[in-house]
């Protein structure tokens, strides 16, 4: 590939297989450099990167900051509680303020759908050469999480030859609150791009049948899907049944803060049916990898025994892999040429 084709990274729906591979290959190189105890690279020295997190975050926010610092970028971190938002400033004007200060990349997380997209359109209209990288918007998209989960699974199944094509025809089980999950939506774009088949498991209130048409529906943000032959999506209501044939499991938390009505009978009833426990994992005939994007509600969607003791629990790997993946994204966006 001669140059990185995306000025903004708002979704994985418009990533080609080559785009995914470029990010993963670069992340793996950054990972190797760090493992050789070279902590900081001069790659983005003098480049100003700003994180605009209008929504709370632990892993994503700090991972992006660490990624920027490892590339020697200048980094500004926006804090809503001490900003002019309290005086009535809009998030668009907040973004424009940081662009006027010279920010090359804005990393944006917002609870409203389309916010990073709206900011990117405004910046393009005004002629700014600033890239927008979505760190999560509403229920729609979390590109860097989808990429780091893809990278984590690829490294597990193919540790010596990092090639996401290893996921072809593998069955990836995603369990939990899919309807409120931007992580799940990004995972659907990334995993099916390489022919993985995704099983969504949970009650109908959290996984409506409409998700069967997710990949054939119009992608978000006016983008076109460049991948013609994707893996398929199926839905299961039984964790015990679906885990039998799973090659990997991604569990998700119940996002109670986004639920406008009661979608489950009780936490206990949900946990009885869908909490991943050692007993349910015993149904598998091999030690499959377990992922969780965090934050974790222990013993609701995943048992503490699995988090702390299961040999192929990859939650810590996900956190660690987030840094080189985000380094790769920041580096590629910094090199984008109009």
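Observations on the model:
- Here the strands (runs of 3 or more DSSP E) wholly within segment 62-149 that include at least 1 residues being closer than 25 Å to residue 314 by Cβ and not assigned by TED's automatic domain parsing to the domain that holds residue 181 are 105-110, 131-137.
- Verdict on residue 33 being outside any loop (DSSP other than H, G, I, E, B) and touching a strand residue (DSSP E or B) at 6+ places or on another chain (Cβ under 9 Å): no
- Matching residues in segment 289-312 - criterion: being farther than 13 Å from residue 253 by Cβ, surrounded by fewer than 19 Cβ atoms within 10 Å (Cβ to Cβ) and within 24 Å of the chain's Cα centre (by Cα): 304, 308, 311, 312
- Test: residue in segment 313-328 that is surrounded by fewer than 15 Cβ atoms within 10 Å (Cβ to Cβ), farther than 19 Å from residue 190 by Cβ and modelled with pLDDT under 95: no
- Residue match in segment 254-266 (condition: touching a helix residue (DSSP H, G or I) at 6+ places or on another chain (Cβ under 9 Å) and surrounded by 20 or more Cβ atoms within 10 Å (Cβ to Cβ)): yes
- Checking the stated criteria, residue 261 turns out to be within 22 Å of residue 200 (Cβ to Cβ) and either in a helix (DSSP H, G or I) or modelled with pLDDT under 95 (or both).
- Scanning segment 274-305 for residues that are under 27 Å from residue 141 (Cα atoms) and in a helix (DSSP H, G or I) returns a single hit, 274.
- In segment 36-61, the residues that are within 28 Å of residue 85 (Cα to Cα), touching a residue at least 40 places away in the same chain (Cβ under 8 Å) and outside any helix (DSSP H, G or I): 47, 48, 49, 50, 51, 52, 53, 54, 55, 57, 58
- Enumeration of residues in segment 311-321 that are in contact with a helix residue (DSSP H, G or I) (Cβ under 7 Å, 6 or more places away or on another chain) and not in a helix (DSSP H, G or I): 313, 314
- Residue match in segment 10-30 (condition: surrounded by 15 or more Cβ atoms within 10 Å (Cβ to Cβ), at pLDDT below 95 and within 19 Å of residue 151 (Cα to Cα)): no
- The set of residues in segment 100-137 that are surrounded by 20 or more Cβ atoms within 10 Å (Cβ to Cβ) and without any contact (Cβ under 8 Å) to a residue 40 or more places away in the chain comprises 119, 123, 130.
- Identity of the residue in segment 177-235, in a loop (DSSP other than H, G, I, E, B) and under 16 Å from the mean Cα position of the chain (by Cα), that ends up surrounded by the fewest Cβ atoms within 10 Å (Cβ to Cβ): 220
The values are calculated or read from the model by the stated rules, or taken from the named source; none is laboratory data. These numbers were taken from a predicted model, which means no experiment stands behind them. Cβ sites come from the backbone with ideal geometry, for glycine too, and all protein chains shown count toward neighbours.
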